[in-house]
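Enquirer: Here it is, the structure in full.
The values are calculated or read from the model by the stated rules, or taken from the named source; none is laboratory data. Computed from a predicted model, the values in this text were never measured in an experiment. Positions of Cβ are backbone-derived with ideal geometry, glycine not excepted, and every protein chain shown enters the neighbour counts. Heavy atoms of the whole protein, side chains included, go into the accessibility calculation; ligands, DNA and RNA do not. Shrake-Rupley method; radii C 1.70, N 1.55, O 1.52, S 1.80 Å.
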Amino acid sequence: STRTLTVRCTPSVAALWLSPKLRRIGQTIPNVDVRIITLDNMPDRHHRTWDLEIFRGGLAEDMDGDAEKLWDAEILPVCAPDYLKTIGFVQRPEDMARCDLIHMLGYRNDWHRWFRTFARGAVNVPAGLSVDGLLIALDAACNGDGVILGRRPLLDAHLADGRLVRVFPENHSLVSTYFIRINKKSAGWMGGRALQAHLRAGTT
């Protein structure tokens, strides 16, 4: 009989990374329907009504023995090709403070971390446009509204087709680790384990 597995993740992971894999998952794991619930609709991770969770590592309390590394996200400045032409003055990381920076709610500290890591001396990070999540930030960047700190592999398709380009050809990237874990208390935990193994295998 067909069993439904509920996956909890952010909207950007769901739309940009997980959804494109669902057709292949259905061919590989028979008799399983995948239901994606984003954080907007299931904010409480401690109320475990999900079978599988994909999340960004952070607080120590989020990490337990069930969490396994999924991939390292490369966090890098990207923008539309036409916008890149307008910021030809950018030669060094500190020059980025003169650009239109797009901030993402929930990741507001990314630009501060990026400047602290790569810029010489203290930099006053301009406020700029703030949007609710990576999906809206990607649209804004593609429209030429400014530069975002995008996350690979979530924006790989945008880089591959040229909608977005790197601001710096060399490595000026931060790293954030994403994890995956099953809910061993759910009735579908065996199916969750199979799906977890499939998704982790697809990242290697």
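So that you can scan it fast, the table gives a plain yes or no per residue for (1) aromatic (Phe, Trp, Tyr); (2) open to solvent by 20 Å² or more (accessible area, probe 1.4 Å); (3) modelled with pLDDT of 95 or more:
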{"position": "Asp161", "(1), (2), (3)": "no, yes, yes"}
{"position": "His172", "(1), (2), (3)": "no, yes, no"}
{"position": "Val175", "(1), (2), (3)": "no, yes, no"}
{"position": "Phe179", "(1), (2), (3)": "yes, yes, no"}
{"position": "Lys184", "(1), (2), (3)": "no, yes, no"}
{"position": "Trp189", "(1), (2), (3)": "yes, yes, no"}
{"position": "Leu195", "(1), (2), (3)": "no, no, no"}
{"position": "Arg200", "(1), (2), (3)": "no, yes, no"}
{"position": "Thr203", "(1), (2), (3)": "no, yes, no"}
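Enquirer: Which one of Leu159, Leu149, Leu138 is within 17 Å of Asp72 (Cβ to Cβ), within 13 Å of the chain's Cα centre (by Cα) and not polar (S, T, N, Q)? Reasoning before the result, please.
Expert: Numbers: Leu159 fails: within 13 Å of the chain's Cα centre (by Cα); Leu138 fails: within 17 Å of Asp72 (Cβ to Cβ).
The match here is Leu149.
Enquirer: Here's a follow-up. For the range 130-142, does any single residue satisfy the condition of being more than 15 Å from Thr10 (Cβ to Cβ) and modelled with pLDDT under 95?
Expert: Looking for residues that are more than 15 Å from Thr10 (Cβ to Cβ) and modelled with pLDDT under 95, one finds at least one in the range 130-142, hence yes.
Enquirer: Okay, moving on. Does at least one position in the range 101-112 carry a residue that is at positive phi and open to solvent by less than 30 Å² (accessible area, probe 1.4 Å)?
Expert: No; the residues of the range 101-112 include none that is at positive phi and open to solvent by less than 30 Å² (accessible area, probe 1.4 Å).
Enquirer: Going through the range 87-100 one residue at a time, which ones are in a helix (DSSP H, G or I) and surrounded by 13 or more Cβ atoms within 10 Å (Cβ to Cβ)? Spell out the reasoning first.
Expert: Taking the range 87-100 and keeping what is in a helix (DSSP H, G or I), we get 93-98.
Selection gives Pro93, Glu94, Asp95, Met96, Ala97.
Enquirer: All but one of (1) aromatic (Phe, Trp, Tyr); (2) open to solvent by 10 Å² or more (accessible area, probe 1.4 Å); (3) touching a strand residue (DSSP E or B) at 6+ places or on another chain (Cβ under 6 Å) hold for Phe168; state the number of the condition that does not hold.
Expert: If we test Phe168 against (1) aromatic (Phe, Trp, Tyr); (2) open to solvent by 10 Å² or more (accessible area, probe 1.4 Å); (3) touching a strand residue (DSSP E or B) at 6+ places or on another chain (Cβ under 6 Å), just (3) comes out false.
Enquirer: Something else: With the requirement that a residue be closer than 19 Å to Leu134 by Cβ and aliphatic (A, V, I, L, M), what does the range 156-198 give you?
Expert: Correct list: Ala157, Leu159, Ala160, Leu164, Val165, Val167, Leu174, Val175, Ile180.
Enquirer: Select, from Phe179, Phe168, the only residue that is assigned to a loop (DSSP other than H, G, I, E, B) and touching a residue at least 24 places away in the same chain (Cβ under 8 Å). Reasoning before the result, please.
Expert: Working: Phe179 fails: assigned to a loop (DSSP other than H, G, I, E, B).
Result: Phe168 is the single residue among Phe179, Phe168 that is assigned to a loop (DSSP other than H, G, I, E, B) and touching a residue at least 24 places away in the same chain (Cβ under 8 Å).
Enquirer: For the range 122-135: of the residues being at negative phi and under 17 Å from the mean Cα position of the chain (by Cα), which is surrounded by the most Cβ atoms within 10 Å (Cβ to Cβ)?
Expert: For the range 122-135, the residue satisfying everything is Leu134.
Enquirer: Got a number for residues in the range 136-158 being in a loop (DSSP other than H, G, I, E, B) and surrounded by 14 or more Cβ atoms within 10 Å (Cβ to Cβ)?
Expert: Qualifying residue count for the region: 6.
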